[in-house]
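Here's the structure, in structure tokens; my notes come after.
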Amino acid sequence: MPELAKELDMSPGNIYRYFDSKEELAYETLLYSSKTISDEIDKINAMPLHSKEKIWHIVNIFLNFAKHSPEHINFFIKVTVASKEIFKGKKSFSDSKVVKSLHAFYEESVLKRELRNQDFFGVFGLFMGYLSGIAYMYGQDLLEEDILRYTNTISQNIYEALRVREKEAI
């Protein structure tokens, strides 16, 4: 809290006037991050596109957040992956808007027989693992190219991992 207070040019006591604890602040920030990302995914869900194109757009949104708002996406990744304590007494992460938006995308794609029907959290892990990893590498300046140059490769790999194979479509 002291670092945040300094960044905001406030005292830690002022922050605690609005939030009872750092966990509450983290939870509210996560809700904001989740809503920001899910609003973009919801726009994609409304588009009349094949799931392959929707995956490309979802990946592109995430990578754009990583490039243009790295603190936003890094916080989202850090809290969703590593901080169970902020969910104590609150809805679980699986109830967050970003999970629901990705789930809606996935369910529609399964119904259209474009993606295989499987456990959603395996699908979610595929997206988040891939995207979190590339965002981390970008943040550590480990990528050889601009992060957005990886959109095609990542979206193609995710699609290939999830798509219905011809034998499965029968």
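What follows draws every value from the coordinates through simple rules; no lab data is involved. Predicted, not measured: the structure shown is a model, and the values here were computed from it. Methodologically, a virtual Cβ is constructed for each residue, glycine included, from the backbone with ideal geometry; neighbour enumeration extends over all protein chains shown.
Around residue 47, with a cut-off of 9 angstrom between Cβ atoms, what is the net charge of the other residues, counting Lys and Arg +1 and Asp and Glu -1?
+1
Grab the eigenvalues of the alpha-carbon gyration tensor for the range 23-169, scale each by 5, take roots, and send me the semi-axes largest first in whole angstrom.
Gyration-tensor ellipsoid for the range 23-169: 25, 20, 13 Å.
Could you grab the relative contact order for the range 23-169? Cα pairs under 8 Å, six or more apart, rounded to a whole percent.
Over the range 23-169, the number comes to 35 percent.
Hey, which of these cross-link pairs are over 20 Å Cα-Cα: 6/97; 43/112; 43/100?
Checking Cα-Cα distances, 6/97 exceed 20 Å.
Return the whole-Å distance between the Cα centroid of the range 103-170 and the Cα centroid of the range 19-34.
Here the two parts' Cα centres lie 28 Å apart.
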